[in-house]
Amino acid sequence: MCQVPLLSTSGDSNAATKGKDDEFAPLKSSSKYTLNQQRLMRAGEIWRSHIAPSTLVFVIVLPMIIYNKHYFSTFFHDTWYVPLMGIIGCTIPSGGAPVAGGVVFLPILTMKHIEAHEAVAFAASTQMIGVGIFAPMGWMSRDPSVLMPSFLQPMFPFALAGLLFSYLVTPLEKEDEVLLAFTIFVICLAMYIIKGLVTSQLDTSQNDSHDDVAESDNTSQSSGDDSEELEMEKVLVDEETGSGDKADGYGSISVRGSIVAMTAAAKLRQNAHRAKMERRNIVFTPKLFTIYAISCFLGGMLCGWIGIGVEKVTFFLLTYFHKVDVIAAGLSSITMTGWLSFVAFLLHALCTPEDEGYGPHLSCGLRDELNPGGHVFGKVPYELWLSVLPGILIGSLIGPIVNAAVGPR
């Protein structure tokens with residue numbers, strides 16, 4: 001029987017083999033990101049390993065110090081459910097879902113007989129930290145490219161303008177109006193999610209790499225790339241030394257086929273990652289810029305009325321027009337909501353009526369019969385806000401883990 005000759009072990013042959021293998025060699029994990037993204041990744045690693053645990057201890061101990069002997073009888077007795085609400089409300093957006101925590105907070109708080117405007121103020125004060133800081137930082141050590149400055153920088157001013165317009169010019173002054181707007185939004189959101197799941201529009205397999213979505217963090221991905229390279233080197237050594245499986249006379253073909261298969265798979269992953277990064281670099285045509293700007297303005301108005309909404313608008317735009325994967329679209333969208341919530345929190349803290357809570361009670365908006373002082377309705381419930389901080393921090397750490405376990409769909 002004529003056997004296929006084994007590969008030569010000469011220097012020229014080795015160089016040729018190495019040249020072909022280098023063509024398919026997987027990228028190192030650090031080369032996937034820009035210099036600024038690598039800095040964000042290091043900051044995220046510090047956050048997850050040191051700052052987040054210290055912050056969690058601090059926000060747990062702080063109420064004990066403030067309330068002292070009345071902690072259990074007053075604070076904990078009245079707010080025991082709030083941390084649980086915070087965990088749920090922050091796990092959802094931190095897992096990549098384009099829904100801020102207000103969708104959980106407002107209905108629960110109104111059932112607890114808290115006025116709707118005050119529930120919106122609570123959502124703003126919570127989201128400015130939960131999805132404005134905690135959720136993005138929870139992802140930085142895993143994939144810093146989920147925040148898209150090419151989208152956030154040009155579109156945030158329009159969303160901010162919409163938020164200010166809704167607060168200062170066209171506020172919902174009656175509680176029933178807030179609840180009606182929130183109900184309509186939730187119904188539309190439910191219909192969108194159901195339609196997306198049924199038609200697979202929310203399935204990232206259409207525009208994303210399962211390997212990239214499923215990676216738990218950058219360290220594990222780096223280890224996977226290195227182990228794959230070591231495996232390919234081992235195969236080459238076995239082939240050159242003749243220790244590979246050649247019992248049937250076709251060892252060279254099977255070994256070479258394994259190398260080609262592994263390197264081709266690595267090349268496909270590289271191409272998928274590059275394509276994903278290109279989609280995350282948002283480029284606007286004049287028409288798309290106009291569509292985004294108007295939509296962000298309207299989404300900002302909705303966020304001013306009910307505390308949430310702009311994240312779903314921007315998520316739809318990013319996934320529909322630019323085919324951005326759901327993780328980046330969701331995280332960038334809720335981050336914008338967090339930034340808007342900071343401004344909303346300031347308005348509620350500084351401009352509430354004189355008979356509502358703390359603050360300088362500034363006159364910020366237009367005056368009319370229902371609002372002669374030009375105030376922003378809804379005081380910030382600081383006791384509830386202090387109680388929810390541990391929950392949203394825990395939720396921000398759980399969200400990426402849940403995403404890695406169950407996938408973005």
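The values are calculated or read from the model by the stated rules, or taken from the named source; none is laboratory data. Bear in mind the structure is a predicted one, so any value in this text is a computation, not a measurement. Every residue, glycine as well, gets a Cβ built from its backbone with ideal geometry; the counts of neighbours run over all protein chains shown. Side chains are part of the model used for accessible areas, which takes the heavy atoms of the whole protein and leaves out ligands, DNA and RNA. Shrake-Rupley method; radii C 1.70, N 1.55, O 1.52, S 1.80 Å.
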**Request:** Filter the helices (runs of 4 or more DSSP H) completely within segment 29-109 down to those with at least 2 residues that are free of Cβ contacts under 8 Å to residues at least 60 places away in the same chain and closer than 26 Å to residue 404 by Cβ.
**Result:** 35-46, 52-67
**Message:** Filter segment 110-135 down to the residues that are part of a helix (DSSP H, G or I) and open to solvent by 10 Å² or more (accessible area, probe 1.4 Å) and list them by number.
**Reply:** 110, 111, 117, 118, 128, 129, 132, 133, 134
**Asked** With respect to residue 312, is the statement that it is surrounded by fewer than 21 Cβ atoms within 10 Å (Cβ to Cβ), touching a residue at least 40 places away in the same chain (Cβ under 8 Å), closer than 23 Å to residue 191 by Cβ and out of contact with any Asp or Glu (no Cβ under 6 Å at 6 or more places or on another chain) true?
**Response** no
**Request:** Output the residues belonging to segment 151-168 that are surrounded by 19 or more Cβ atoms within 10 Å (Cβ to Cβ) and of a type in the set (S, T, N, Q).
**Result:** 166
**Complete:** For segment 352-387 the number of residues that are open to solvent by 60 Å² or more (accessible area, probe 1.4 Å) and within 22 Å of residue 75 (Cα to Cα) is 4
**Prompt:** Out of all the residues in segment 145-191, which are in contact (Cβ under 8 Å) with a residue 12 or more places away in the chain and among the polar types (S, T, N, Q)?
**Reply:** 145, 150, 166, 170
**Residue selected from segment 388-409 under the condition open to solvent by 10 Å² or more (accessible area, probe 1.4 Å) and among the small types (Gly, Ala, Ser), by the criterion modelled with the lowest pLDDT** = 407
**Request:** Pull up segment 273-287, narrow it to residues that are open to solvent by 30 Å² or more (accessible area, probe 1.4 Å) and of a type in the set (A, V, I, L, M, F, W, C), then point me to the one that is farthest from the chain's Cα centre (by Cα).
**Result:** 284
**Request:** Can you give me the number of residues within segment 341-376 that are closer than 24 Å to residue 156 by Cα and aromatic (Phe, Trp, Tyr)?
**Result:** 2
